[in-house]
1. Over all distinct Cα pairs, what is the inverse of the mean 1/r for segment 129-202, reported as the Kirkwood hydrodynamic radius in Å?
2. If Lys and Arg each add +1 and Asp and Glu each add -1, what is the summed charge of the other residues whose beta carbon sits under 13 Å from the beta carbon of S420?
3. Could you please report the charge total around S132, scoring K, R as +1 and D, E as -1 over all other residues with beta-carbon less than 15 angstrom from its beta-carbon?
4. When the chain is fully extended, how far beyond the present Cα-Cα distance does Q35 get from L68, taking 0.36 nm per residue of separation?
5. On alpha carbon coordinates alone, what is the Rg over Rh value for segment 137-282, Rh being the Kirkwood radius?
6. Would you calculate the volume per residue, in Å³, of the smallest convex hull containing every Cα atom of segment 68-195?
7. Tell me the relative contact order for segment 457-535 as a rounded percent, counting alpha carbon contacts under 8 Å between residues six or more apart.
8. Once you have all Cα-Cα distances for segment 423-475, histogram them in 5 Å bins from zero and send the whole-percent values.
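Quick note: the coordinates plus some simple rules give every number you see, no bench work behind them. None of these values were measured; they are calculated from a predicted model. A quick note on method: Cβ atoms are made from the backbone with ideal geometry, for glycine too, and the neighbour counts reach across all protein chains shown.
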Amino acid sequence: MIRNSIRNKLILFLLAATILPLCTSIVVTYLVTEQKVMRETIQTNSNLIYQGKTNLVNYLEGIKQASLLVYNDTSFFTVIEEGATTYNSRGEIVRGLQSIANTIKEIHQAYLYIKKTDKAYLYTKGSLNPRSEGESKYIPDIGKGDLRFEATHPSHTYGIQSVNVLPSSIVFTLHRSILNALTMEELGSISLDVNIGFINSISDQLYAQGEELYVLDGTGTVVYGSKPVLRGKKLDEPWVTELLARTDANGSYAWSDSAFKGIHIYERIQESYVNWTIVKRIPNELLYQHARQLTFANAMILLGFMVIVIVGTVYVSFRFTAPIKKLLGYIGKIQTGNMEVDIHVKSNDEFGILAHRFRIMMQTINQLITKEYKLEIANKTNQLKALQAQINPHFLYNALQSIGTLALQQEGPKVYTLLSSLARMMRYAMNTNETLVPLKREVDHVRSYLELQLQRFASELDVDYQVEDQAAVMLVPKMILQPLVENYFKHGFDTRVQAGRIAISARCDATGSLVLNVADNGRSVSEEQLDALRRKLKHPADGIGDGDSIGLQNVLARLKLYYEDGVQMILENRGPLGGFQVTLRIPGKRKEEDEP
């Protein structure tokens, strides 16, 4: 449909010229926006997480400073150093722990362990609870340093039966070793359980709905998680392993698995006392939401323009090609033979000019066809009558002489037969209203002619007819067979040499053409004469003909009038009877019958 239609090609070209750039623009815009959004998102969230990190570090530093009050309170430190052996020791411990707890309002409880006397105290809400005999002893594992933050976990009583038992709460704990500043002897430890409320308030501001935020310690345990159920638990997932394996202080990386597809943006809190990582997980759906919304808006705008462009393209294409379609319709009517088609194309552009010129051309062609058609009819009629009139009349004289001779011999029935043959011949030849007749009638005419000739030559002439039924019904111009037969009596017949023989055959070949053959046993023609005769026959329409070849020229000229170059006349020496033969090959249809 596209290859054979200018309209479809034009529509396809215009649509491609508009849709491809628009679609390319949408795709490029989306890709560029996507990359830009990713860079901006990473930068924005990195700054946000860094600010959150700063707030957390400041907060942890405050807790750290609160734990240093052990050293600033001389009385309290002395009690710890001496092992809390005096009566007033309990009051100093209450006062010291209370002072520490009041510095940070999120401190849930404080636990003091004195190594010298192996005593332990739990301070909760103004109540001091010492470890009793038989209760399990809790000594925090601080590690190589003197300070460590324990990740989020449910609060507990450190193995001490408290009078004012507080409800369990999610806390993180600072563990600090208490050392002698001079000897660096370990005197004990203090543990501060801190509610994660402040960490929650900071972390909650670092992510939006649909995103995930985690604060993980160095083992992958969740200090803070956007999913509360995960707080205090260790995450053993591939993305956590990937995160903890990275050595840089901050950065981002893409991640894709069955559970999550997106990017991770992280910032590490690397202090001497804490190794936490803040990581934010942003799924692709949320990351590229803005880009998709922007692309969707652009796509809707472009789609609107595209609809307008498509409608305009189709309209322009139909408007441009409609005159061509009309001209094709007019040409189709002309092909059916209607040469009087009135061409109407109302347009002032090139198509209108083309239609106007085409209309003028058809009018001129009609006039020329009418003129040439009338001339051709007149010429054919005149030539046909002239050719028919040139049949040599000498046969008529010979025939009459034969009839007269026979009459002298008083053979009355035979005279009647010969007169009937002559009458049939003259009636057939003089009827100019018929120009085309079945081949059978032409053969019958030759039979009458040869009956008269047989009377002249009696047993000295033998005639053989072989006409197929299919060939007998084919239409041929009148008077084409007799001149070929008559040519034998004019040029080839010689009773002094041998008895005369003529063979007349007609058949249809595989193409439907009529093959008409007249062969005799008369004198042959020299090759020079034969070549000269063939040259004359190449232009049978140049004149009526003269000389000895008038019969052949007349026959070929008349056939050319009906069949033009489709007819063939073949002249040969030494035919099947040993003399001369003429072969006519006549198409099964005339020229005008082949035209639609």
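1. Numbers: mean 1/r = 0.0712 Å⁻¹.
Every distinct Cα pair counted, the radius reaches 14.0 Å.
2. Once positives and negatives cancel, what remains is +2.
3. On the way: positive: R90, K119, R131, K137; negative: D118, E133, E135.
Combined, the nearby Lys, Arg, Asp and Glu give +1.
4. Result: 7.0 nm gained on full extension.
5. Working: Rg = 17.5 Å, Rh = 17.0 Å.
With Rh from the inverse mean 1/r over Cα pairs, Rg/Rh is 1.03.
6. Details: hull volume 13.1 nm³, N = 128.
Taking the convex hull of the Cα positions in segment 68-195, it is 103 Å³ per residue.
7. Numbers: 92 pairs, mean separation 28.0, N = 79.
Once divided by the residue count of segment 457-535, the mean separation gives 35 percent.
8. Once binned at 5 Å, the Cα pair distances of segment 423-475 give 4, 17, 24, 20, 18, 11, 5, 0.
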